[in-house]
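Novice: I have a structure I would like to understand better, so I am pasting it below and will then ask my questions one at a time.
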């Protein structure tokens, strides 16, 4: 059984899609991010970055030992689950494809995801009178990553070729929400077609519907103006929690 620490965001969807696609047994552990669940010492022991998604596998594969195994960061989780399930990643013997898988997972982690996340902040959560410059900057950066993906998909149905993989699962959520981010896929027809292929998969639909009613939207949406728990974070809180944890262990 896998404990899955989750909230309904694009980053949470990545791992939700993989779990639904593989059929691995998991227990959903919902996280109330606006209440600070991510700062609980028990969760920080799993995910030191105070971010979800994260998992704890109570029955890890051979070679990991018998103790329950925590994994944090979505790309690391996807790689681990691909290894555990034997699905959605090229085998170790296919070295060139494994190299490409690593490249595209790092691309999403370092480019598409952060640019989409910053764009989302300035489109949806920043103070109204401070959104313009940040939105324009990150819209350009986000759409630059869409162009990278557009070019990659010009002669293949999925990122690695003919086979749907964890590279697609990781990149899909931030393309899925292009419209709410203030972007259009009109200039990216290959991305639009790829998005549609993935969106129509039953496992993907189940994943993006997990805790859908808890999404941060609508008239009760949390923003910088009304939620200091989630926004405007700095080092102080994590340093204080770390000091407290060390004192408790002394």
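Conditions tested, residue by residue: (1) assigned to a loop (DSSP other than H, G, I, E, B); (2) within 20 Å of the chain's Cα centre (by Cα); (3) modelled with pLDDT under 95; (4) surrounded by 12 or more Cβ atoms within 10 Å (Cβ to Cβ).
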site	(1), (2), (3), (4)
195	no, yes, no, yes
198	no, yes, no, yes
216	yes, yes, yes, yes
237	no, no, yes, yes
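Novice: When you scan region 46-60, how many residues do you find that are assigned to a loop (DSSP other than H, G, I, E, B) and either farther than 17 Å from residue 85 by Cα or in contact with a strand residue (DSSP E or B) (Cβ under 6 Å, 6 or more places away or on another chain) (or both)?
Specialist: First, pick out the residues of region 46-60 that are assigned to a loop (DSSP other than H, G, I, E, B): 46-53, 58-60.
Next cut, either farther than 17 Å from residue 85 by Cα or in contact with a strand residue (DSSP E or B) (Cβ under 6 Å, 6 or more places away or on another chain) (or both) only: 46-53, 60.
Adding up the residues that qualify gives 9.
Novice: Condition first: in a helix (DSSP H, G or I) and out of contact with any strand residue (DSSP E or B) (no Cβ under 8 Å at 6 or more places or on another chain). Now tell me which residues in region 200-214 satisfy that. Full working, then the answer.
Specialist: Within region 200-214, the first condition is being in a helix (DSSP H, G or I), and the residues that meet it are 202-208, 212-214.
Selection gives 202, 203, 204, 205, 206, 207, 208, 212, 213.
Novice: Which pairs do you get when a residue that is farther than 27 Å from residue 114 by Cα, found in region 67-94, comes within reach of a residue that is assigned to a helix (DSSP H, G or I), reach meaning Cβ atoms under 7 angstrom, with the pair 6+ apart or on two chains?
Specialist: Within 7 Å, the pairs are 85/22; 92/98.
Novice: If you don't mind, another one. Go through region 12-25 and give me each residue that's surrounded by 20 or more Cβ atoms within 10 Å (Cβ to Cβ) and either touching a strand residue (DSSP E or B) at 6+ places or on another chain (Cβ under 7 Å) or closer than 15 Å to residue 72 by Cβ (or both).
Specialist: Scanning region 12-25 gives 12, 14, 15, 16, 18, 19.
Novice: Would you confirm, using the coordinates I've provided, whether residue 129 is more than 30 Å from residue 27 (Cβ to Cβ) and modelled with pLDDT under 95?
Specialist: Numbers: more than 30 Å from residue 27 (Cβ to Cβ): yes; modelled with pLDDT under 95: yes.
Yes: the conditions hold for residue 129.
Novice: Taking region 111-154 on its own, how many of its residues are outside any helix (DSSP H, G or I) and in contact (Cβ under 8 Å) with a residue 24 or more places away in the chain?
Specialist: Initial filter on region 111-154 (outside any helix (DSSP H, G or I)): 126-127, 131.
Now restrict to residues that are in contact (Cβ under 8 Å) with a residue 24 or more places away in the chain: 126-127.
Selection size over region 111-154: 2.
Novice: Spot the failing condition for residue 212; the list is (1) without any contact (Cβ under 8 Å) to a residue 12 or more places away in the chain; (2) loosely packed, with under 12 Cβ neighbours inside 10 Å; (3) closer than 24 Å to residue 120 by Cα, and only one is missed.
Specialist: Here residue 212 clears every test but (1).
Novice: Scan region 167-193 residue by residue and report those that are more than 15 Å from residue 151 (Cα to Cα) and in a helix (DSSP H, G or I). Walk me through how you get there before you give the answer.
Specialist: From region 167-193, those more than 15 Å from residue 151 (Cα to Cα) are 167, 169-170, 172-174, 176-184; that's our starting set.
Of everything in region 167-193, those that are more than 15 Å from residue 151 (Cα to Cα) and in a helix (DSSP H, G or I) turn out to be 167, 169, 170, 172, 173, 174, 176, 179, 180, 181.
Novice: Against the definition (out of contact with any strand residue (DSSP E or B) (no Cβ under 9 Å at 6 or more places or on another chain) and surrounded by 14 or more Cβ atoms within 10 Å (Cβ to Cβ)), how does residue 130 come out, yes or no?
Specialist: Criteria not met by residue 130.
Novice: So how many residues does region 61-110 have that are assigned to a loop (DSSP other than H, G, I, E, B) and either out of contact with any helix residue (DSSP H, G or I) (no Cβ under 7 Å at 6 or more places or on another chain) or surrounded by fewer than 18 Cβ atoms within 10 Å (Cβ to Cβ) (or both)? Let's see the steps before the verdict.
Specialist: Within region 61-110, the first condition is being assigned to a loop (DSSP other than H, G, I, E, B), and the residues that meet it are 61-68, 73, 86-94.
The next check asks that each one be either out of contact with any helix residue (DSSP H, G or I) (no Cβ under 7 Å at 6 or more places or on another chain) or surrounded by fewer than 18 Cβ atoms within 10 Å (Cβ to Cβ) (or both); those that pass are 61-68, 73, 86-87, 91-94.
Count: 15.
The values are calculated or read from the model by the stated rules, or taken from the named source; none is laboratory data. Since we're looking at a predicted model, the values are computed, not measured. Don't worry about glycine lacking a Cβ; one is built from the backbone with ideal geometry, like all the others, and counts go over all protein chains shown.
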